[in-house]
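Colleague: Right, I'll just put the structure down here and ask away after.
The values are calculated or read from the model by the stated rules, or taken from the named source; none is laboratory data. Since we're looking at a predicted model, the values are computed, not measured. Ideal geometry is used to build each Cβ from the backbone, glycine not excepted, and the neighbour counts take in all protein chains shown. Side chains included, ligands, DNA and RNA excluded: accessible areas come from the protein's heavy atoms. Shrake-Rupley method; radii C 1.70, N 1.55, O 1.52, S 1.80 Å.
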Amino acid sequence: MNAVATWTFRAERLVSFTALAVLTGSVLWGVLTRYGTEKPAVWTTELSGILFTWVVYIGAMTAHREGRHIRVTLLVDLLPSAARRAVRILADLLVLAFLIYVTWLSVLMMQKGASRPSPVLDIPFSWVYLATVIGFAGMAISQTVHLVTGRRPSAAEDML
C-alpha cells in the first residue's frame, strides 16, 4: 500500500474518531446541563447534529472503500461467468456515475451553505456540507480504483 493511501486511511479514522468522541461528549454535556443545572447548554444539540453528519459520511466512505455496503447478488451469481463479469462492470460504472453526480450536487449545496450560518453556533453551513462532498468524492475515488484494479482493500489490510 502506498504512502498516500496509508495517510488517507489514517486521516479517515482520525476524523471519524474525533467527531464521534466530541459528539459523545456534546450529548453527555447537553444531558448533564439539561437535568443538572438551571441553564441547559443549547449549543450541544446543534453541534451533535453537525458532528453526526461528519461521522455518517466519513463512515460511509470507509465502508464503501472496504466493500461493506449491502448488495444483493443472488441473480447475478446465477449468470454465466462472462455475463456475470459484464453485469458487475456495468453496475460499478452506474455506481460511479451516481457518485460523481451526487458529489457535484454536494458541491453546489456546500456553495449555497456558505452564506447561511447555523442558528446557534453561527458556523457557515458549508462546513456541515463539506462532509457530504468529502464522503461522496471519496466513494467516487475508491469506486474508480476498484474499477481500474479490480479489487478493494480488505479491512485487515488497512488496519494501520
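Colleague: So which residue, out of R116, R85, R68, gets the largest mean-square fluctuation from a GNM of the chain using Cα contacts under 10 Å as springs?
Modeller: R85
Colleague: Right, next: Counting Lys and Arg as +1 and Asp and Glu as -1, what is the net charge of the other residues whose Cβ lies under 15 Å from the Cβ of T33?
Modeller: Net of charged neighbours comes to 0.
Colleague: Please report the relative contact order for the chain, taking Cα pairs under 8 Å with a sequence separation of at least 6, and give it as a percent rounded to a whole number.
Modeller: The normalised contact order for the chain reaches 25 percent.
Colleague: Then there's this: Could you look at the range 1-142 and say what percent of its accessible area is carbon and sulfur, using a 1.4 Å probe and all protein chains?
Modeller: Result for the range 1-142: 73 percent of the exposed heavy-atom area is carbon or sulfur.
Colleague: Counting only heavy atoms of protein chains, what accessible area per residue, in Å², does the chain have with a probe of 1.4 Å?
Modeller: 66
Colleague: While we're here: Please name which of S115, A41, N2 has its Cα lying farthest along the dipole of the chain towards the positive end, using unit charges on Cβ (Lys, Arg +1; Asp, Glu -1) and the Cα centre as origin.
Modeller: Ranked along the dipole, the leading option is N2.
Colleague: Stokes-Einstein diffusion coefficient for the chain at 20 °C in a medium of 1.002 mPa s, Rh from the Kirkwood formula over Cα pairs: what value in µm²/s?
Modeller: 119
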